[in-house]
1. Taking Ala188 and the conditions (1) surrounded by fewer than 17 Cβ atoms within 10 Å (Cβ to Cβ); (2) out of contact with any helix residue (DSSP H, G or I) (no Cβ under 9 Å at 6 or more places or on another chain); (3) closer than 28 Å to Val289 by Cβ; (4) aliphatic (A, V, I, L, M), which numbered condition does it fall short on, given that it satisfies the others?
2. Search region 19-47 for residues being within 16 Å of the ligand (Cβ to nearest atom) and β-branched (Val, Ile, Thr), and hand back the single one that is surrounded by the most Cβ atoms within 10 Å (Cβ to Cβ).
3. Please count how many residues of region 41-57 are outside any helix (DSSP H, G or I), at pLDDT 95 or above and among the hydroxyl-bearing types (Ser, Thr, Tyr).
4. Counting just the residues of region 188-225 that are under 15 Å from the mean Cα position of the chain (by Cα), under 16 Å from Tyr127 (Cβ atoms) and touching a residue at least 60 places away in the same chain (Cβ under 8 Å), which one comes out farthest from the ligand (Cβ to nearest atom)?
5. Using the structure shown, decide if Ser205 is in a loop (DSSP other than H, G, I, E, B), hydroxyl-bearing (Ser, Thr, Tyr) and out of contact with any helix residue (DSSP H, G or I) (no Cβ under 6 Å at 6 or more places or on another chain).
6. Taking the condition over 19 Å from the mean Cα position of the chain (by Cα) and within 25 Å of Tyr241 (Cα to Cα), does Ala131 pass?
7. Suppose we filter Leu382, Leu362 for residues that are crowded, with 18+ Cβ neighbours inside 10 Å, over 21 Å from the mean Cα position of the chain (by Cα) and under 27 Å from Val25 (Cβ atoms); which single one remains?
8. Picking from Ala45, Ala85, which residue would you name as being closer than 21 Å to Pro279 by Cα and touching a residue at least 60 places away in the same chain (Cβ under 8 Å)?
Amino acid sequence: MKAVKESYKHFSKSYLFTEIEARVVKSGSLDLVSLGVGDVSLPLAPSVKNAIIEAVEEMGTRPIGYGPTDGYPFLKKALLETEYAPYNFTLEEISINDGISSAITTMTSLFPKDYKIGIIDPAYPAYQNAARLEEREITLLPCLEENGFIPQPPKEKLDIVYLCSPHNPTGTAMTKDDLQMWVDYARAHKAILFFDAAYHAFIQSPSVPTSIYACTGAKEVAIEFRSFSKSAGFTGLRLGYVVTPKELAISSFWRLRQDVYSNGFAYPVQKGALQALSPLGKEETRAQVESYLQGAKVLKETLEAKGFLVYGGEDIPFLWWKVGGDSWQAFDTLLHKYGLITVPGKGFGPSGEGFIRLSAFLSPAKLEKALSRLETVTQGVL
Ligand code: PLP
């Protein structure tokens, strides 16, 4: 085999979900309930499904080939009119992609190799993984119990900062003041904020903005990433979008990147997304969002009633369960003794140690099964 970069060679060993999968397989148990990967577990909303089928049928009546590499204008326009109505963006400032994961990790390719990257810790593993593969210099920004899981701007200058709110994995969300603090830091240090708003549709707290552009000056410093994955159950369809405000003067370069690396995204999926933004689509997907949040509430109450300390769950269906010690050990106990698949906090970064993340993206049947198992977990066993 030809030589590959060292960063790739040493990578697979530390990939979180590969390690979880290996431990699950090794356990040999077939009767497991997964509160692990945050994947959707409800079927597509009916009107969204129908819109996709209609688009496929349309493709059977006339040829629809490559679309615009940054997405169809019908979808971009609908996004600007619904999700971004208060912010007056233009079609040039929004582009479609195949989901946040690829967009937020490859956006760095626009920026110089020596840019200093700040990444919240713990965090969605892709941010750090991509930076490591690219051999970038990174600074971790701890989200700890002591700071309410809100990352604090460092004294030194960073060039790019990854933020996520509501936050996977800690389940907490940044208020407008918290976000403004970062926008002010970025303006003062000429930094760029990569704002991951994957869970914007789950926000319930009035103090938590659904977009970073609610903050003064955010258009000068922030790129916002969203997708239909969690808001409309598109994890298996793949569709996201990114806002690159004209103040940052990078839209044309991002479009260039799309032109070079992609030939666009599926027409039927974009039609399904358009339907998800319609009043009926919104009503249907909102019911799913509420169902997941309700699951989070019940899971949290169940653990709290047993005396455990659990964070999150209000603005995102993830719970951050304080187990105190070694989170891989707690993971193993939950797996072997209770038949529960979870995610050890340490897998999201060093500051996640001492916690277990539970996903409430559960169908009602799975939720019930999970609850009956969690009921039997006793203090001191983890
Ligand atoms: N960002 C966060 C914080 C996530 O939790 C996830 C998925 O779990 C993603 C991004 C991936 O989103 P997408 O499916 O749009 O790639």
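1. Tallying (1) surrounded by fewer than 17 Cβ atoms within 10 Å (Cβ to Cβ); (2) out of contact with any helix residue (DSSP H, G or I) (no Cβ under 9 Å at 6 or more places or on another chain); (3) closer than 28 Å to Val289 by Cβ; (4) aliphatic (A, V, I, L, M), Ala188 fails exactly one: (3).
2. Looking at the filtered set, the residue picked out is Ile20.
3. 0
4. Ile223
5. Yes; evaluated as a whole, the condition is true for this residue.
6. Values: over 19 Å from the mean Cα position of the chain (by Cα): no; within 25 Å of Tyr241 (Cα to Cα): yes.
For Ala131, the condition - over 19 Å from the mean Cα position of the chain (by Cα) and within 25 Å of Tyr241 (Cα to Cα) - is not met.
7. Working: Leu362 fails: over 21 Å from the mean Cα position of the chain (by Cα).
From the options Leu382, Leu362, the qualifying one is Leu382.
8. Result: Ala45 is the single residue among Ala45, Ala85 that is closer than 21 Å to Pro279 by Cα and touching a residue at least 60 places away in the same chain (Cβ under 8 Å).
The values are calculated or read from the model by the stated rules, or taken from the named source; none is laboratory data. The shown structure was predicted, so the numbers you read here are calculated from the model rather than taken from an experiment. Here Cβ is always computed from backbone atoms with ideal geometry, including for glycine, and neighbour counts include all displayed protein chains.
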